[in-house]
Amino acid sequence: RTEINPGVKHEYHDHSDKKTVYIGVISRYPPHILYQGYQPMLDYLTACTNYRFELKLSSDYNSAVTNLINKEVSAAFLGSYLYVQANKQYGIIPILKPLNENFEPFSRSALITKENSGIKSIRDLRNKKLALPSKESFSSNWITKKEFKEFGIKESDLKSLKNFPHHQNVIFQVLNGNYDAGVVRGSLLKDYKNSDLKVIAYSEPISTPPLVVAPGYDKEIVREIKNALLSLAQKEKAREGITKNWDKEFIYGFIEANDSDYNYIRQIYK
């Protein structure tokens, strides 16, 4: 188990009388970034429910699913592409999905490069070095399974292609000039507005990554999680103060998720 970052301080309240509930999360970001963005949200859940919530980080994408199936966690945040796979294999159920800055439940991946790279289109990736996040991420599959096919590009046409553990790794590889281009979640690029990164292409909008549970989940725990997170929509004026330290993916609140929301990914990435 990955250790949480001991350097992050939170106000201490004694919730020792509450049953501890673990929430899993895929390793799309480095552990300290995950903890900084996710733990404040779990602190909110602890304050609003009859349970004490703790984060359980996973070493890779697939171990987050394993933890869920083995009941080591009560719910987990998965990527959209990984959810589709986990649903097919284990019957994993989506319960909530986050809203973006337009209060819509959609996200996109982005192909990035440096301003002076000379890469203007996906077709220009031939003979170039491409950095990607995990093979289980939507971002990786969007470029290799959909866009390469549309542009007639084979992986062998590239100088090199490498998957990195986290999206931030991909951004740093491109910024540092180690790779000519990379694919990451588009929402992360707001943190790099003043860098010399540019976006060559965006994916189509897809449903935001869901909070999921396993079949046979604890209905009472899930009911309390849903009530607490969905109630943010009714706290319009207070929401900004409540969520300001949460991961940027979650600061605009949540809506209910359904399996059919992810049919588009199923159709394209069979």
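The values are calculated or read from the model by the stated rules, or taken from the named source; none is laboratory data. Since the structure is predicted, the reported quantities are computational estimates derived from the model, not experimental observations. FYI the Cβ positions are ideal-geometry reconstructions off the backbone, even for glycines, and counts take in every protein chain you see. Just the protein is used for accessible areas: all its heavy atoms, side chains included, with ligands, DNA and RNA removed. Shrake-Rupley method; radii C 1.70, N 1.55, O 1.52, S 1.80 Å.
Give the residue list of trypsin sites (Lys or Arg not before Pro) in segment 70-108 that are DSSP loop and have at most 16 other beta-carbon atoms within 10 angstrom. Loop-located and lightly packed - Lys71.
Near Ser117: Cβ cut-off under 15 Å, other residues only, Lys/Arg at +1 and Asp/Glu at -1. The net charge is +4.
For the pair Glu104 and Lys193, the difference between a 0.36 nm per residue extended length and the Cα-Cα distance amounts to 29.8 nm. Only helices enter this figure: runs of n ≥ 4 DSSP H residues, each worth -39500 (n - 2.57), summed and divided by the residues of the chain, yield -8500 deg cm²/dmol at 222 nm to the nearest 500.
Full extension of the chain between Asp259 and Lys19 yields a length gain of 83.5 nm, computed as 0.36 nm times the residue separation minus the alpha carbon distance. Protection proxy ranking for 183-191, 225-233, using the average of other Cβ atoms within 10 Å per residue and placing the highest first: 183-191, 225-233. Rounded, prolate or oblate: which fits the chain, taking a ≥ b ≥ c as square roots of the Cα gyration tensor eigenvalues, rounded meaning a/c under 1.5, else prolate when a/b beats b/c? Cα axes put the chain in the prolate bin.
Taking Cα atoms only, the orientation of helix 31-48 departs from the longest principal axis of the chain by about 30 degrees. Dipole check for the chain: with +1 at the C-beta of Lys and Arg, -1 at the C-beta of Asp and Glu, and the Cα centre as origin, the magnitude is about 760 Debye. Using the average count of surrounding beta-carbon atoms within 10 Å as a protection proxy, the listed peptides 40-48, 120-128 rank, highest first, as 40-48, 120-128.
If you sort the three axes of the alpha carbon gyration tensor as a ≥ b ≥ c, you get a/c of 1.5 or more for segment 139-270 and a/b no higher than b/c, which makes it oblate.
What net charge is computed for the residues neighbouring Tyr38, neighbours being all others with C-beta under 13 Å from the C-beta of Tyr38, Lys and Arg scored +1, Asp and Glu -1? Local net charge: -1. With a cut-off of 12 Å on the backbone N, the residues of segment 40-77 near the modelled label site 7 Å out from Asn227 along Cα-Cβ are 48-51.
The packing ranking, built from the mean of other Cβ atoms within 10 Å per residue, places the peptides 161-172, 198-209, 146-157 in the order 161-172, 198-209, 146-157, highest first.
What you get for segment 75-183, charging only the Cβ of Lys and Arg (+1) and of Asp and Glu (-1), is a dipole of about 340 debye around the Cα centre.
Only protein atoms count toward the accessible area here, which uses a 1.4 Å probe; on the chain, the carbon and sulfur part of that area reaches 47 percent.
A 1.4 Å probe run over segment 2-151, with the rest of the protein chains in place, finds 46 Å² accessible per residue. For the chain, the longest principal axis of the alpha carbon atoms and the long axis of helix 219-230 meet at an angle near 70°.
Cα-Cα over 25 Å: which of Lys120/Lys248; Lys56/Lys162; Lys88/Lys244; Lys120/Lys146; Lys114/Lys146; Lys56/Lys114? In this structure, Lys120/Lys248; Lys56/Lys162; Lys88/Lys244; Lys56/Lys114 exceed 25 Å between Cα atoms.
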